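Novice: Have a look at this one.
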Amino acid sequence: MTLPNINPTSTNSWKQLQEHFKTLKDVHMKDLFAQDDERANKFTIKWDDFYVDFSKNRITEETFKYLLELADEVKLKDAIKSQFSGEIINQTEGRAVLHSALRAPKTSECYVDGVNVIPEVYEVKEKIEQFTNEVVNGDRKGFTGKAFTDVVNIGIGGSDLGPAMVVDSLQYYKNHLTTHFVSNVDGDHVNEVIKKLDPETTLFVVVSKTFTTQETLSNANTIKAWFLKSASEEAIAKHFVAVSTNIESVKSFGIDENNIFPMWDWVGGRFSLWSAVGLTISLAVGYNNFESLLRGANKMDEHFKNEDFKTNIPVVLALISIWYNNFFKAESEAVIPYSQYLNQFATYLQQGIMESNGKSVDRNGNPIDYETGTLIWGEPGTNSQHAFFQLIHQGTKLIPADFIGFTKSLHGNQDHQNKLISNFLAQTEALLNGKTEEKVVAEGTQSEIIPFKIFKGNKPTNTIFINKLSPESLGKLIAMYEHKIFVQGIIWNIFSYDQFGVELGKQLASKILKEFNSKDNNVHDSSTDNLLNYYKSMM
């Protein structure tokens, strides 16, 4: 076994945290700030272009001490070393977990089964660069000799969420190519995309490691049939490329072998945007910006790997999350980026966090009797302030939140930026302080309305200030959350890199699909039986 197998609840630090929680659970953060003028400085990490203030949390120096001891007791440092050295830490699937190798420098070494994978990674990166430049510059053309104007990414899960989020986040840096994403097996989705396209000038990127994913192949075949109404079979080789390991199936589809970009089993789907899965990113923003994205992620890798835990951003954020999840019993976390560019960021993190750490069996194969995983949700500010902030401010649930903001706007409108950041700062202050009865009364509020205007405050937030949204800073931000996932998985003593829980539904869907053309159904519960018969009657 390459990872430690330590039940966190058996550690001394966990027991100390349980006792400490009893003394802190009703303490108001306002009082903690009043007692310590240096609190904000003590609980802030300044690193590169990141400024991370975690002082608005229901923690003290004693809490932080116990949390850091917990990280040591579960042997987090050893686990980090195991991951970066290519050990088989995805033990249930017998794989290394090395998405960090995809953004490592060319001079570095990273071994899987005794082989340094870095040269192979750079071969693929060179192929991505060449292909990107040919398409962007108009040197690679479609079957009628026209340059490409549109790129369609066909994939689902990690083959869609990562590229779609990054392209959306970096649209300020986009070139002339228009990008589209087809993921859902819903036929209305693919047909809505198709109707906007010109087959003569559209490039299709089919992303599927096994080239067997039902949603991806269904969409790819629908698009192929639409394309062949205007072009010959031979034209497929000019307009379709694939990111896959299944060379034979890709070739059978009609894609030229030279247009197949490989993947590796030591890269999990939800961490794969750094690989050839990110080809659409490279096409959308240019290879140099794609490389900057990777470089930013590598900087966060080095920070995570080498920094002392007390000033290690992913470690600190993970420990705080553990504190709320396992001691305060907070079930969800909100991610609120104050940038419309990061509109898909929370959606992307949902897969990364919830698919990774949604586990109920520990690394020893035993059922878990403590909480794992967190529900992740969120939308950009200020829109979210006019949607769900009421629940965070005055609801009965404790919802820790990450506020992500940028000190500089990309288009340079300072008036808008000042208004945006004033809201960004005001919300965390309001969540901290709340509004007392005295203040409500002082405002002249009618007596019968007073209870409804009181805010308790004491709502925890992390504030992550970044200088500017760039490909490099986005790479750091994504990698920061990746490493947070890893740390939480180690502490919870679970395997973060398999996802067996999604397979049962797929298997049952295949069986039900066959029943649509059959008079008889398989054995189902009465509800499913009724629903199935109703659908068949409406077909």
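Novice: Just to check your reading of the model, which residue among 194, 255 is out of contact with any strand residue (DSSP E or B) (no Cβ under 8 Å at 6 or more places or on another chain) and closer than 20 Å to residue 141 by Cα?
Specialist: Within the list 194, 255, the selection yields 194.
Novice: Also, I was wondering about something else. Considering only residues that are in contact (Cβ under 8 Å) with a residue 24 or more places away in the chain, more than 27 Å from the chain's Cα centre (by Cα) and within 19 Å of residue 471 (Cα to Cα), which ones fall in the stretch 392-415?
Specialist: Listed by number, the list is empty, since nothing qualifies.
Novice: Answer yes or no as to whether residue 424 is of a type outside the set (Ser, Thr, Tyr), surrounded by 17 or more Cβ atoms within 10 Å (Cβ to Cβ) and under 29 Å from residue 160 (Cβ atoms).
Specialist: No.
Novice: Identify, from the list 79, 40, the residue that is at pLDDT 95 or above, aliphatic (A, V, I, L, M) and farther than 30 Å from residue 498 by Cα.
Specialist: Just a single option satisfies the conditions, and that option is 40.
Novice: Of all residues in the stretch 494-523, which are surrounded by fewer than 16 Cβ atoms within 10 Å (Cβ to Cβ) and either among the hydroxyl-bearing types (Ser, Thr, Tyr) or in a loop (DSSP other than H, G, I, E, B) (or both)?
Specialist: Those that are surrounded by fewer than 16 Cβ atoms within 10 Å (Cβ to Cβ) and either among the hydroxyl-bearing types (Ser, Thr, Tyr) or in a loop (DSSP other than H, G, I, E, B) (or both): 510, 516, 517, 518, 519, 520, 521, 522, 523.
Novice: Is it the case, given these coordinates, that residue 183 is among the hydroxyl-bearing types (Ser, Thr, Tyr), buried (at least 18 other Cβ atoms within 10 Å of the Cβ) and either modelled with pLDDT of 95 or more or over 25 Å from the mean Cα position of the chain (by Cα) (or both)?
Specialist: Yes; evaluated as a whole, the condition is true for this residue.
Novice: List pairs: first in the stretch 479-504 and among the small types (Gly, Ala, Ser), second assigned to a loop (DSSP other than H, G, I, E, B), Cβ under 7 Å, 6+ apart or cross-chain?
Specialist: From residues that are among the small types (Gly, Ala, Ser), the pairs are 489/496; 501/358.
Novice: To continue, here is another question. List, please: which pairs have Cβ atoms under 9 Å, are six or more places apart or on different chains, and start with a residue in the stretch 2-17 that is touching a residue at least 12 places away in the same chain (Cβ under 8 Å) and closer than 15 Å to residue 370 by Cα and end with one that is assigned to a helix (DSSP H, G or I) and among the aromatic types (Phe, Trp, Tyr)?
Specialist: Close Cβ pairs (under 9 Å, with a partner that is assigned to a helix (DSSP H, G or I) and among the aromatic types (Phe, Trp, Tyr)) amount to 7/14; 8/14; 8/492; 14/66; 17/66; 17/323; 17/327.
Novice: Residue 158: under 23 Å from the mean Cα position of the chain (by Cα) and at pLDDT below 95, yes or no?
Specialist: Against the criterion (under 23 Å from the mean Cα position of the chain (by Cα) and at pLDDT below 95), residue 158 qualifies.
Novice: Could you grab me the full set of residues in the stretch 24-56 that are in a loop (DSSP other than H, G, I, E, B), out of contact with any strand residue (DSSP E or B) (no Cβ under 7 Å at 6 or more places or on another chain) and in contact (Cβ under 8 Å) with a residue 24 or more places away in the chain?
Specialist: 25, 27, 28, 48
Novice: Give me the residue from the stretch 239-265 that is among the hydroxyl-bearing types (Ser, Thr, Tyr) and in a loop (DSSP other than H, G, I, E, B) and, out of that set, surrounded by the fewest Cβ atoms within 10 Å (Cβ to Cβ).
Specialist: 245
Novice: Still on this structure, I have one more. If I filter the stretch 372-386 for residues that are closer than 30 Å to residue 7 by Cβ, hydroxyl-bearing (Ser, Thr, Tyr), assigned by TED's automatic domain parsing to the domain that holds residue 487 and touching a strand residue (DSSP E or B) at 6+ places or on another chain (Cβ under 6 Å), do I get at least one hit?
Specialist: Checked the stretch 372-386: at least one residue is closer than 30 Å to residue 7 by Cβ, hydroxyl-bearing (Ser, Thr, Tyr), assigned by TED's automatic domain parsing to the domain that holds residue 487 and touching a strand residue (DSSP E or B) at 6+ places or on another chain (Cβ under 6 Å).
Novice: Given the options 316, 335, 361, name the one that is of a type in the set (Val, Ile, Thr), touching a strand residue (DSSP E or B) at 6+ places or on another chain (Cβ under 7 Å), more than 25 Å from residue 468 (Cα to Cα) and touching a residue at least 12 places away in the same chain (Cβ under 8 Å).
Specialist: Every option except 361 fails the conditions.
Novice: Quick check: is even one residue across the stretch 202-213 in contact with a Ser or Thr (Cβ under 8 Å, 6 or more places away or on another chain) and part of a helix (DSSP H, G or I)?
Specialist: No: the stretch 202-213 contains no residue that is in contact with a Ser or Thr (Cβ under 8 Å, 6 or more places away or on another chain) and part of a helix (DSSP H, G or I).
Novice: Suppose we filter 54, 64, 50, 21 for residues that are modelled with pLDDT of 95 or more, surrounded by 13 or more Cβ atoms within 10 Å (Cβ to Cβ), more than 23 Å from residue 372 (Cα to Cα) and aromatic (Phe, Trp, Tyr); which single one remains?
Specialist: 50
Novice: Next question, about the same structure. If you take the residues in the stretch 427-451 that are loosely packed, with under 12 Cβ neighbours inside 10 Å and over 30 Å from residue 405 (Cβ atoms), which one is nearest to the chain's Cα centre (by Cα)?
Specialist: 451
The values are calculated or read from the model by the stated rules, or taken from the named source; none is laboratory data. Just so it is clear, the structure is predicted and the values come from calculations on it, not from any experiment. Glycine gets a Cβ as well: all are built from the backbone with ideal geometry, and neighbour counts include every protein chain shown.
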